[in-house]
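Participant: Before I ask anything, here is the structure I am working with.
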Amino acid sequence: MKKLLLTLTAVSALSLAANAQTEKGKFLLGGTVNYEGTSIKDNDAKDNKFGIAPQVGYFVADNIAVGTGIGYSWSETETDAGVKNTNNAFTLAPFGRMYSANQGPVKFFGQLSVPMAWGNHEIDGTKIGNTSSYGVELAPGIAYFPTSNIGIDFKVKGLYFNSEKSEVDATNTSTTVNKYGLNADSFAPSVGVTFHF
């Protein structure tokens, strides 16, 4: 009987902790940091990418959070001949997230985000043009709350659309590339940690 009572108490505590973290008036804090490098054996060509985007959200109602991510991205490609193509951008990604209203430490969520970026393109340190990007993404996910202040998120990209525009100053021309699709690869989700307080 004692073991049953302890088990029920532990389950109840986890349920209350998870529900308390998605209540109106609470905050969530998270973000992304990434780095990727590529090199080719017996070749001087290489690629490097870096990005950082802290995110903050506020629960405007129980299980509904709105917020934004603000960050910076940088990438550089160096050819075998030593020519460096560099892109850097300021990024902004407002979002809305809705959690399921179920009890317990596991909650499903859907997140609608609007990622945007504005930057420039350089060749060997000389600016040659500007870049801008606008998109929308609807992503499903699962959040697990092991403690009252930590959530572990598993999310797939879901439905997305992105429009990226590149402008060349010297010729006053521009190119727009649109990307769209559905990416629901459950074998390769993005995993993140959010802090709730």
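The values are calculated or read from the model by the stated rules, or taken from the named source; none is laboratory data. Quantities reported herein were computed from a predicted structural model and do not represent experimental measurements. In this analysis, Cβ positions are derived from the backbone assuming ideal geometry, glycine residues included, and neighbour counts consider all displayed protein chains. Remember, those area values only see protein heavy atoms, side chains included, never the ligands or the DNA or RNA. Shrake-Rupley method; radii C 1.70, N 1.55, O 1.52, S 1.80 Å.
Participant: Which one of these is within 23 Å of residue 73 (Cβ to Cβ), at pLDDT 90 or above and open to solvent by 50 Å² or more (accessible area, probe 1.4 Å): 165, 157?
Facilitator: Details: 157 fails: at pLDDT 90 or above.
Exactly one of 165, 157 is within 23 Å of residue 73 (Cβ to Cβ), at pLDDT 90 or above and open to solvent by 50 Å² or more (accessible area, probe 1.4 Å), namely 165.
Participant: Then there is this: Which of the residues belonging to the stretch 138-197 are among the polar types (S, T, N, Q) and within 15 Å of residue 22 (Cβ to Cβ)? Walk me through how you get there before you give the answer.
Facilitator: First pass over the stretch 138-197, keeping only residues among the polar types (S, T, N, Q): 147-149, 162-163, 166, 171-176, 178, 183, 186, 190, 194.
Correct list: 147, 148, 149, 194.
Participant: Let me ask something else about it. So, in the stretch 173-193, exactly how many residues are over 14 Å from residue 142 (Cα atoms) and either of a type in the set (Ser, Thr, Tyr) or touching a His at 6+ places or on another chain (Cβ under 9 Å) (or both)?
Facilitator: Of the residues in that region, 5 qualify.
Participant: So in the stretch 122-154, with the set limited to residues that are without any contact (Cβ under 8 Å) to a residue 60 or more places away in the chain and of a type in the set (D, E, K, R), which one is surrounded by the most Cβ atoms within 10 Å (Cβ to Cβ)? Break it down stepwise before answering.
Facilitator: Step one: list which residues in the stretch 122-154 are without any contact (Cβ under 8 Å) to a residue 60 or more places away in the chain, which gives 122-144, 146, 150, 152, 154.
Okay, now just the ones that are also of a type in the set (D, E, K, R), so 122, 124, 127, 137.
Working: 122: 16, 124: 11, 127: 11, 137: 18.
Here the answer is 137.
Participant: Sticking with this one: Any chance the stretch 67-85 includes a residue that's at pLDDT 95 or above, closer than 24 Å to residue 192 by Cβ, open to solvent by 40 Å² or more (accessible area, probe 1.4 Å) and not hydroxyl-bearing (Ser, Thr, Tyr)?
Facilitator: yes
Participant: Hey, another quick one. What are the residues in the stretch 30-63 that are open to solvent by 90 Å² or more (accessible area, probe 1.4 Å) and either of a type in the set (S, T, N, Q) or in contact with a helix residue (DSSP H, G or I) (Cβ under 8 Å, 6 or more places away or on another chain) (or both), if any?
Facilitator: Of everything in the stretch 30-63, just one residue is open to solvent by 90 Å² or more (accessible area, probe 1.4 Å) and either of a type in the set (S, T, N, Q) or in contact with a helix residue (DSSP H, G or I) (Cβ under 8 Å, 6 or more places away or on another chain) (or both), namely 39.
Participant: State all residues of the stretch 90-116 that are closer than 30 Å to residue 45 by Cα and touching a Phe, Trp or Tyr at 6+ places or on another chain (Cβ under 6 Å); if no residue qualifies, say none.
Facilitator: 90, 116
Participant: Taking the stretch 171-187 as the region of interest, how many residues are in contact (Cβ under 8 Å) with a residue 12 or more places away in the chain and more than 19 Å from residue 88 (Cα to Cα)? Even if it seems obvious, please write down each step before you answer.
Facilitator: Initially, the stretch 171-187 is screened for residues in contact (Cβ under 8 Å) with a residue 12 or more places away in the chain, giving 176-186.
Still in the list and also more than 19 Å from residue 88 (Cα to Cα): 178-186.
Residues that pass the stated criteria total 9.
Participant: Could we say that residue 113 is modelled with pLDDT of 95 or more and touching an Asp or Glu at 6+ places or on another chain (Cβ under 7 Å) here? Steps first, please.
Facilitator: Values: modelled with pLDDT of 95 or more: yes; touching an Asp or Glu at 6+ places or on another chain (Cβ under 7 Å): yes.
Yes.
Participant: Does residue 103 satisfy being farther than 16 Å from residue 66 by Cα and among the polar types (S, T, N, Q)?
Facilitator: So residue 103 passes the test.
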